[in-house]
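Below: the structure, in C-alpha coordinates.
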Amino acid sequence: MARDLAIDLGTANTLVYAKGQGIVLNEPSVIALNQQTGDVLAMGHEAWQMIGRTPGYIIAVRPLRQGAITDFDITQRMIRLLLHRAGVSRFNRPRVVICVPSAITEVERRAVTEAARRAGAADAQLLEQPMAAAIGAGLAIHEPVANMVIDVGGGTSETALISLGGVVALQAVRVGSFDIDAAIQSFIRREYGIAVGERTAEDIKVAIGSAFPVQDEVKAEVRGRDLMSGLPKTVILSPEEVRLAISEPVNAVVESVIACLGEAPPELAHDLIVRGMHLVGGGGMLKGLAQRIANETEIPVYLVDAPLECVVLGAGRCVEAYDQLKVMFMGARS
Ligand SMILES: Nc1ncnc2c1ncn2[C@@H]1O[C@H](COP(=O)(O)OP(=O)(O)OP(=O)(O)O)[C@@H](O)[C@H]1O
Ligand SMILES: [Mg+2]
(Lines give C-alpha, C1' and ligand atoms only; values in the text may rest on other atoms or scores of the structure.)
(Ligands and ions follow the chains in the order given, each with its own letter.)
Protein backbone atom coordinates (compact mmCIF):
# COMPACT_ATOMS: atom_id res chain seq x y z
CA MET A 1 0.00 0.00 0.00
CA ALA A 2 1.33 3.41 -0.98
CA ARG A 3 1.53 5.83 1.94
CA ASP A 4 0.25 9.28 0.97
CA LEU A 5 2.82 12.01 1.49
CA ALA A 6 2.88 15.69 2.44
CA ILE A 7 5.86 17.77 1.37
CA ASP A 8 7.03 21.20 2.51
CA LEU A 9 9.53 22.27 -0.11
CA GLY A 10 11.00 25.28 1.69
CA THR A 11 13.75 27.57 0.50
CA ALA A 12 15.83 26.51 3.52
CA ASN A 13 14.46 23.12 4.61
CA THR A 14 12.52 20.29 3.00
CA LEU A 15 10.27 18.11 5.13
CA VAL A 16 8.24 15.04 4.20
CA TYR A 17 5.37 13.60 6.22
CA ALA A 18 4.11 10.08 5.51
CA LYS A 19 0.56 9.07 6.39
CA GLY A 20 0.45 7.04 9.58
CA GLN A 21 4.16 7.62 10.22
CA GLY A 22 4.75 11.33 10.77
CA ILE A 23 7.83 13.25 9.60
CA VAL A 24 10.11 10.88 7.69
CA LEU A 25 12.53 13.39 6.16
CA ASN A 26 13.82 16.76 7.38
CA GLU A 27 16.83 18.09 5.51
CA PRO A 28 18.26 21.32 4.13
CA SER A 29 16.98 22.18 0.62
CA VAL A 30 20.40 21.76 -0.93
CA ILE A 31 21.44 19.59 -3.82
CA ALA A 32 24.84 18.52 -5.09
CA LEU A 33 24.93 19.26 -8.79
CA ASN A 34 27.42 18.08 -11.39
CA GLN A 35 27.93 21.30 -13.34
CA GLN A 36 29.32 19.48 -16.36
CA THR A 37 26.44 17.06 -16.88
CA GLY A 38 23.64 18.80 -14.98
CA ASP A 39 23.07 15.65 -12.90
CA VAL A 40 21.64 15.98 -9.40
CA LEU A 41 23.85 13.69 -7.30
CA ALA A 42 22.49 14.06 -3.81
CA MET A 43 20.31 16.22 -1.62
CA GLY A 44 20.22 17.49 1.95
CA HIS A 45 22.86 16.46 4.46
CA GLU A 46 24.38 14.10 1.93
CA ALA A 47 24.86 16.98 -0.52
CA TRP A 48 26.62 19.10 2.14
CA GLN A 49 28.92 16.13 2.84
CA MET A 50 29.97 15.93 -0.79
CA ILE A 51 30.95 19.56 -1.19
CA GLY A 52 34.63 20.18 -0.62
CA ARG A 53 35.42 16.48 -0.80
CA THR A 54 34.69 16.09 -4.49
CA PRO A 55 36.03 17.64 -7.71
CA GLY A 56 35.36 21.36 -8.16
CA TYR A 57 32.65 20.91 -10.78
CA ILE A 58 30.35 19.36 -8.18
CA ILE A 59 28.65 22.31 -6.52
CA ALA A 60 26.00 22.91 -3.87
CA VAL A 61 22.85 24.60 -5.11
CA ARG A 62 19.79 25.80 -3.24
CA PRO A 63 17.29 25.45 -6.09
CA LEU A 64 14.49 27.35 -4.35
CA ARG A 65 16.55 30.14 -2.89
CA GLN A 66 14.25 33.01 -3.85
CA GLY A 67 11.12 31.19 -2.79
CA ALA A 68 10.21 30.45 -6.39
CA ILE A 69 11.00 27.67 -8.77
CA THR A 70 13.75 29.20 -10.82
CA ASP A 71 14.88 26.05 -12.51
CA PHE A 72 12.08 23.64 -13.35
CA ASP A 73 14.39 20.85 -14.39
CA ILE A 74 16.40 20.90 -11.16
CA THR A 75 13.25 21.17 -9.05
CA GLN A 76 11.81 18.17 -10.82
CA ARG A 77 14.96 16.14 -10.17
CA MET A 78 14.88 17.22 -6.55
CA ILE A 79 11.25 16.13 -6.13
CA ARG A 80 12.08 12.82 -7.79
CA LEU A 81 15.00 12.27 -5.39
CA LEU A 82 12.73 13.14 -2.45
CA LEU A 83 9.96 10.78 -3.50
CA HIS A 84 12.52 8.07 -4.13
CA ARG A 85 13.93 8.53 -0.62
CA ALA A 86 10.37 8.34 0.73
CA GLY A 87 9.95 4.95 -0.97
CA VAL A 88 8.02 5.93 -4.09
CA SER A 89 8.60 3.59 -7.02
CA ARG A 90 6.85 2.33 -10.12
CA PHE A 91 4.90 -0.08 -7.92
CA ASN A 92 4.30 2.31 -5.08
CA ARG A 93 2.56 5.49 -6.18
CA PRO A 94 1.13 7.57 -3.35
CA ARG A 95 -0.94 10.72 -3.51
CA VAL A 96 1.18 13.74 -2.68
CA VAL A 97 0.24 17.08 -1.12
CA ILE A 98 2.81 19.83 -1.68
CA CYS A 99 2.89 23.09 0.28
CA VAL A 100 3.54 26.15 -1.88
CA PRO A 101 3.62 29.92 -1.28
CA SER A 102 0.19 31.58 -1.69
CA ALA A 103 1.69 34.02 -4.15
CA ILE A 104 2.65 31.22 -6.56
CA THR A 105 1.89 31.89 -10.22
CA GLU A 106 -0.28 29.69 -12.42
CA VAL A 107 2.81 28.58 -14.35
CA GLU A 108 4.67 27.64 -11.16
CA ARG A 109 1.62 25.74 -9.90
CA ARG A 110 1.54 23.61 -12.99
CA ALA A 111 5.30 23.14 -12.85
CA VAL A 112 5.16 21.73 -9.31
CA THR A 113 2.23 19.36 -9.85
CA GLU A 114 3.67 18.20 -13.14
CA ALA A 115 7.07 17.59 -11.53
CA ALA A 116 5.51 15.46 -8.78
CA ARG A 117 3.42 13.44 -11.23
CA ARG A 118 6.40 12.78 -13.46
CA ALA A 119 8.40 11.76 -10.42
CA GLY A 120 5.91 8.97 -9.69
CA ALA A 121 3.07 10.47 -7.64
CA ALA A 122 -0.37 9.01 -8.41
CA ASP A 123 -1.83 12.46 -7.82
CA ALA A 124 -0.35 15.80 -6.75
CA GLN A 125 -2.33 18.50 -4.94
CA LEU A 126 -1.15 21.90 -3.74
CA LEU A 127 -1.81 23.43 -0.35
CA GLU A 128 -1.09 27.07 0.45
CA GLN A 129 1.66 27.35 3.06
CA PRO A 130 -0.22 29.72 5.39
CA MET A 131 -3.23 27.40 5.31
CA ALA A 132 -1.00 24.44 6.16
CA ALA A 133 0.64 26.48 8.93
CA ALA A 134 -2.75 27.43 10.38
CA ILE A 135 -3.89 23.79 10.39
CA GLY A 136 -0.55 22.76 11.90
CA ALA A 137 -0.93 25.37 14.63
CA GLY A 138 -4.35 23.92 15.45
CA LEU A 139 -6.28 27.10 14.61
CA ALA A 140 -10.05 27.12 14.07
CA ILE A 141 -9.76 27.82 10.35
CA HIS A 142 -13.30 26.69 9.50
CA GLU A 143 -14.93 29.13 11.88
CA PRO A 144 -15.95 32.70 11.00
CA VAL A 145 -13.19 34.16 13.17
CA ALA A 146 -9.83 35.75 12.41
CA ASN A 147 -6.87 33.36 12.31
CA MET A 148 -3.62 35.09 11.49
CA VAL A 149 -0.37 33.32 10.73
CA ILE A 150 2.99 34.92 10.11
CA ASP A 151 5.44 32.51 8.44
CA VAL A 152 9.03 33.74 8.37
CA GLY A 153 11.05 31.26 6.33
CA GLY A 154 14.50 31.30 4.78
CA GLY A 155 13.66 33.16 1.58
CA THR A 156 10.11 34.39 2.07
CA SER A 157 7.81 35.82 4.70
CA GLU A 158 4.06 35.40 4.35
CA THR A 159 1.34 36.81 6.54
CA ALA A 160 -2.18 35.53 5.98
CA LEU A 161 -5.53 36.15 7.57
CA ILE A 162 -7.71 33.05 7.37
CA SER A 163 -11.40 32.78 8.11
CA LEU A 164 -14.08 30.24 7.12
CA GLY A 165 -11.48 28.02 5.44
CA GLY A 166 -10.21 30.71 3.06
CA VAL A 167 -7.45 33.30 2.85
CA VAL A 168 -9.03 36.73 3.43
CA ALA A 169 -5.88 38.87 3.33
CA LEU A 170 -2.34 38.05 2.31
CA GLN A 171 1.03 39.78 2.21
CA ALA A 172 4.10 38.01 0.89
CA VAL A 173 7.60 39.42 0.63
CA ARG A 174 10.71 37.77 -0.71
CA VAL A 175 12.61 38.63 2.44
CA GLY A 176 13.44 36.01 5.03
CA SER A 177 16.03 34.68 7.41
CA PHE A 178 18.64 34.21 4.63
CA ASP A 179 18.56 37.98 4.15
CA ILE A 180 19.36 38.39 7.85
CA ASP A 181 22.45 36.16 7.37
CA ALA A 182 23.48 38.23 4.35
CA ALA A 183 23.03 41.48 6.31
CA ILE A 184 25.29 40.15 9.09
CA GLN A 185 27.91 39.13 6.53
CA SER A 186 28.01 42.51 4.85
CA PHE A 187 28.03 44.38 8.18
CA ILE A 188 31.14 42.49 9.37
CA ARG A 189 32.81 43.05 6.02
CA ARG A 190 32.03 46.77 6.05
CA GLU A 191 32.73 47.55 9.72
CA TYR A 192 35.64 45.20 10.43
CA GLY A 193 37.08 44.35 7.01
CA ILE A 194 36.57 40.65 7.63
CA ALA A 195 35.01 38.02 5.39
CA VAL A 196 32.83 35.39 7.08
CA GLY A 197 30.91 32.55 5.44
CA GLU A 198 27.13 32.19 5.19
CA ARG A 199 27.02 29.51 7.85
CA THR A 200 29.08 31.59 10.30
CA ALA A 201 26.65 34.47 9.77
CA GLU A 202 23.75 32.09 10.47
CA ASP A 203 25.44 30.91 13.68
CA ILE A 204 25.81 34.52 14.82
CA LYS A 205 22.13 35.18 14.06
CA VAL A 206 20.97 32.18 16.07
CA ALA A 207 23.38 32.86 18.96
CA ILE A 208 23.00 36.61 19.49
CA GLY A 209 20.71 37.99 16.76
CA SER A 210 17.56 39.75 17.94
CA ALA A 211 14.77 42.03 16.74
CA PHE A 212 14.22 43.63 20.14
CA PRO A 213 16.44 43.95 23.23
CA VAL A 214 16.23 40.71 25.23
CA GLN A 215 17.45 39.86 28.72
CA ASP A 216 20.92 38.48 29.43
CA GLU A 217 22.51 39.63 26.21
CA VAL A 218 25.98 38.23 25.58
CA LYS A 219 28.63 39.12 23.03
CA ALA A 220 29.96 36.71 20.45
CA GLU A 221 33.46 36.02 19.23
CA VAL A 222 33.65 35.80 15.46
CA ARG A 223 36.50 34.39 13.42
CA GLY A 224 36.94 35.33 9.80
CA ARG A 225 39.53 36.22 7.19
CA ASP A 226 41.00 39.71 7.16
CA LEU A 227 40.34 41.17 3.73
CA MET A 228 43.61 43.16 3.69
CA SER A 229 46.12 40.66 5.06
CA GLY A 230 44.28 37.47 4.14
CA LEU A 231 45.03 36.15 7.65
CA PRO A 232 42.57 34.84 10.23
CA LYS A 233 41.24 37.52 12.56
CA THR A 234 38.85 37.53 15.51
CA VAL A 235 36.39 40.26 16.48
CA ILE A 236 33.82 40.60 19.25
CA LEU A 237 30.27 41.46 18.19
CA SER A 238 27.64 42.89 20.53
CA PRO A 239 23.90 42.13 20.28
CA GLU A 240 23.17 45.85 19.67
CA GLU A 241 25.50 45.86 16.69
CA VAL A 242 23.81 42.77 15.24
CA ARG A 243 20.38 44.31 15.81
CA LEU A 244 21.50 47.35 13.84
CA ALA A 245 23.04 45.20 11.12
CA ILE A 246 19.83 43.24 10.53
CA SER A 247 17.35 46.09 10.95
CA GLU A 248 16.55 46.39 7.25
CA PRO A 249 15.29 42.83 6.61
CA VAL A 250 13.63 42.71 10.05
CA ASN A 251 11.79 45.97 9.33
CA ALA A 252 10.64 44.60 5.96
CA VAL A 253 9.07 41.59 7.70
CA VAL A 254 7.36 43.75 10.34
CA GLU A 255 6.06 46.14 7.68
CA SER A 256 4.53 43.33 5.67
CA VAL A 257 2.66 42.11 8.77
CA ILE A 258 1.33 45.65 9.27
CA ALA A 259 0.31 45.82 5.58
CA CYS A 260 -1.64 42.56 5.96
CA LEU A 261 -3.43 43.94 9.01
CA GLY A 262 -4.34 46.96 6.90
CA GLU A 263 -6.24 44.69 4.52
CA ALA A 264 -8.28 43.00 7.23
CA PRO A 265 -12.00 43.72 7.40
CA PRO A 266 -12.79 45.64 10.64
CA GLU A 267 -14.75 42.81 12.32
CA LEU A 268 -11.87 40.40 11.87
CA ALA A 269 -9.31 43.00 12.93
CA HIS A 270 -11.15 43.28 16.22
CA ASP A 271 -11.01 39.49 16.70
CA LEU A 272 -7.25 39.60 16.47
CA ILE A 273 -6.85 41.71 19.58
CA VAL A 274 -8.44 38.84 21.48
CA ARG A 275 -7.07 35.85 19.50
CA GLY A 276 -3.60 37.17 18.69
CA MET A 277 -1.34 36.26 15.76
CA HIS A 278 0.65 33.05 15.36
CA LEU A 279 4.28 33.12 14.35
CA VAL A 280 5.71 30.08 12.49
CA GLY A 281 8.83 29.27 10.43
CA GLY A 282 12.46 29.07 11.49
CA GLY A 283 12.90 32.82 10.98
CA GLY A 284 10.14 33.36 13.54
CA MET A 285 12.52 31.97 16.16
CA LEU A 286 14.70 35.08 15.93
CA LYS A 287 14.92 36.37 19.50
CA GLY A 288 12.56 39.26 20.23
CA LEU A 289 10.74 39.07 16.89
CA ALA A 290 7.37 38.10 18.40
CA GLN A 291 7.78 40.88 20.96
CA ARG A 292 8.74 43.42 18.30
CA ILE A 293 5.71 42.62 16.10
CA ALA A 294 3.42 42.67 19.14
CA ASN A 295 4.75 46.09 20.18
CA GLU A 296 4.32 47.62 16.75
CA THR A 297 0.85 46.21 16.09
CA GLU A 298 -0.52 46.18 19.65
CA ILE A 299 -1.74 42.63 18.99
CA PRO A 300 -0.37 39.66 20.95
CA VAL A 301 1.98 37.38 18.98
CA TYR A 302 2.51 33.71 19.88
CA LEU A 303 5.39 31.63 18.58
CA VAL A 304 3.98 28.14 17.83
CA ASP A 305 5.39 25.01 19.52
CA ALA A 306 7.26 23.62 16.51
CA PRO A 307 7.98 26.57 14.18
CA LEU A 308 10.09 24.55 11.72
CA GLU A 309 7.64 21.66 11.42
CA CYS A 310 4.31 23.49 11.63
CA VAL A 311 3.67 23.67 7.87
CA VAL A 312 4.39 20.01 7.12
CA LEU A 313 2.43 18.88 10.19
CA GLY A 314 -0.58 20.87 8.92
CA ALA A 315 -0.27 19.31 5.47
CA GLY A 316 0.15 15.96 7.23
CA ARG A 317 -3.22 16.45 8.89
CA CYS A 318 -4.73 16.84 5.40
CA VAL A 319 -3.08 13.61 4.31
CA GLU A 320 -4.40 11.75 7.38
CA ALA A 321 -7.94 13.00 6.74
CA TYR A 322 -7.65 13.27 2.97
CA ASP A 323 -11.31 13.13 1.94
CA GLN A 324 -12.44 15.40 4.75
CA LEU A 325 -9.80 18.08 4.21
CA LYS A 326 -9.28 17.92 0.44
CA VAL A 327 -11.48 21.02 0.08
CA MET A 328 -8.46 22.94 1.40
CA PHE A 329 -6.35 22.12 -1.67
CA MET A 330 -5.63 24.97 -4.05
CA GLY A 331 -7.33 23.61 -7.13
CA ALA A 332 -10.43 22.64 -5.18
CA ARG A 333 -11.69 26.19 -4.81
CA SER A 334 -10.80 27.80 -8.11
N1 LIG B 1 16.78 29.83 16.57
C2 LIG B 1 16.76 30.50 15.42
N3 LIG B 1 16.85 31.84 15.40
C4 LIG B 1 16.82 32.53 14.25
N5 LIG B 1 16.69 31.95 13.04
C6 LIG B 1 16.59 30.62 12.99
C7 LIG B 1 16.61 29.83 14.16
N8 LIG B 1 16.49 28.53 13.79
C9 LIG B 1 16.40 28.51 12.44
N10 LIG B 1 16.46 29.75 11.95
C11 LIG B 1 16.42 30.16 10.54
O12 LIG B 1 15.22 29.74 9.96
C13 LIG B 1 15.41 29.60 8.54
C14 LIG B 1 14.70 28.37 8.04
O15 LIG B 1 13.35 28.43 8.34
P16 LIG B 1 12.30 27.48 7.62
O17 LIG B 1 12.78 26.08 7.64
O18 LIG B 1 10.99 27.77 8.21
O19 LIG B 1 12.39 28.05 6.14
P20 LIG B 1 11.74 27.42 4.81
O21 LIG B 1 10.37 26.94 5.15
O22 LIG B 1 12.67 26.43 4.22
O23 LIG B 1 11.68 28.71 3.88
P24 LIG B 1 10.45 29.34 3.07
O25 LIG B 1 9.23 29.17 3.95
O26 LIG B 1 10.87 30.78 2.90
O27 LIG B 1 10.38 28.61 1.80
C28 LIG B 1 16.91 29.55 8.31
O29 LIG B 1 17.32 30.71 7.63
C30 LIG B 1 17.49 29.49 9.72
O31 LIG B 1 18.72 30.19 9.83
MG1 LIG C 1 8.45 27.55 4.96
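Scan the strands (runs of 3 or more DSSP E) fully inside region 224-334 and keep the ones with 1 or more residues being out of contact with any Ser or Thr (no Cβ under 8 Å at 6 or more places or on another chain) and basic (Lys, Arg).
Filter on region 224-334 gives 232-237.
Which one of these is within 10 Å of ligand 1 (Cβ to nearest atom), crowded, with 17+ Cβ neighbours inside 10 Å and of a type in the set (A, V, I, L, M): ILE180, ILE188, ILE194?
ILE180 is the lone residue from the list that is within 10 Å of ligand 1 (Cβ to nearest atom), crowded, with 17+ Cβ neighbours inside 10 Å and of a type in the set (A, V, I, L, M).
Filter region 30-41 down to residues that are out of contact with any Leu (no Cβ under 8 Å at 6 or more places or on another chain) and either within 15 Å of ligand 1 (Cβ to nearest atom) or at pLDDT 85 or above (or both) and give me whichever is nearest to GLU106 (Cα to Cα).
VAL30
Can you find, within region 1-17, the residue that is farthest from the chain's Cα centre (by Cα) among those that are within 12 Å of ligand 1 (Cβ to nearest atom) and among the hydroxyl-bearing types (Ser, Thr, Tyr)?
THR14
If you go through region 217-230 one residue at a time, how many are more than 15 Å from ligand 1 (Cβ to nearest atom), surrounded by 14 or more Cβ atoms within 10 Å (Cβ to Cβ) and of a type outside the set (D, E, K, R)?
2
Quick one: which of VAL214, VAL254 is surrounded by 14 or more Cβ atoms within 10 Å (Cβ to Cβ) and either modelled with pLDDT of 95 or more or more than 15 Å from ILE188 (Cα to Cα) (or both)?
The unique qualifying residue is VAL254.
For region 263-288, what are the residues that are under 19 Å from PHE178 (Cβ atoms) and within 16 Å of the chain's Cα centre (by Cα)?
Within region 263-288, LEU279, VAL280, GLY281, GLY282, GLY283, GLY284, MET285, LEU286 qualify.
Out of TYR302, TYR322, which single residue is away from ligand 2 (no atom under 16 Å from the Cβ) and under 20 Å from GLN215 (Cβ atoms)?
On the way: TYR322 fails: under 20 Å from GLN215 (Cβ atoms).
Of TYR302, TYR322, the one residue that is away from ligand 2 (no atom under 16 Å from the Cβ) and under 20 Å from GLN215 (Cβ atoms) is TYR302.
Looking at region 121-131, is at least one residue of a type outside the set (A, V, I, L, M, F, W, C), away from ligand 2 (no atom under 16 Å from the Cβ), closer than 26 Å to ARG77 by Cα and in contact (Cβ under 8 Å) with a residue 40 or more places away in the chain?
Yes: region 121-131 contains one or more residues that are of a type outside the set (A, V, I, L, M, F, W, C), away from ligand 2 (no atom under 16 Å from the Cβ), closer than 26 Å to ARG77 by Cα and in contact (Cβ under 8 Å) with a residue 40 or more places away in the chain.
For the subset of region 1-42 comprising residues that are β-branched (Val, Ile, Thr) and assigned to a loop (DSSP other than H, G, I, E, B), which member is farthest from ligand 2 (Cβ to nearest atom)? Before the answer, list the steps.
Going residue by residue through region 1-42, those that are β-branched (Val, Ile, Thr) are 7, 11, 14, 16, 23-24, 30-31, 37, 40.
The next check asks that each one be assigned to a loop (DSSP other than H, G, I, E, B); those that pass are 11, 30, 37.
On the way: THR11: 7, VAL30: 15, THR37: 31 Å.
The residue in question is THR37.
Condition first: of a type in the set (A, V, I, L, M, F, W, C) and closer than 11 Å to PHE329 by Cβ. Now tell me which residues in region 101-129 satisfy that. Step through it out loud before you land on a result.
First pass over region 101-129, keeping only residues of a type in the set (A, V, I, L, M, F, W, C): 103-104, 107, 111-112, 115-116, 119, 121-122, 124, 126-127.
Residues satisfying the conditions are ALA124, LEU126, LEU127.
Looking for whichever is more than 18 Å from the chain's Cα centre (by Cα) and modelled with pLDDT of 95 or more here; the options are ALA146, ALA160. Which one fits?
That would be ALA146, the only listed residue that is more than 18 Å from the chain's Cα centre (by Cα) and modelled with pLDDT of 95 or more.
Filter the strands (runs of 3 or more DSSP E) completely within region 54-173 down to those with at least 2 residues that are of a type in the set (A, V, I, L, M, F, W, C), within 16 Å of ligand 1 (Cβ to nearest atom) and in contact with a helix residue (DSSP H, G or I) (Cβ under 6 Å, 6 or more places away or on another chain).
95-100, 123-128, 147-152
Does at least one position in region 208-221 carry a residue that is over 15 Å from GLY288 (Cα atoms), part of a strand (DSSP E or B) and not basic (Lys, Arg)?
The answer is yes; a qualifying residue exists.
The values are calculated or read from the model by the stated rules, or taken from the named source; none is laboratory data. Bear in mind that the values here come from a model prediction, so they are computed numbers and not experimental data. Please note: Cβ atoms are built from the backbone with ideal geometry, for glycine as well, and neighbour counts cover all protein chains shown.
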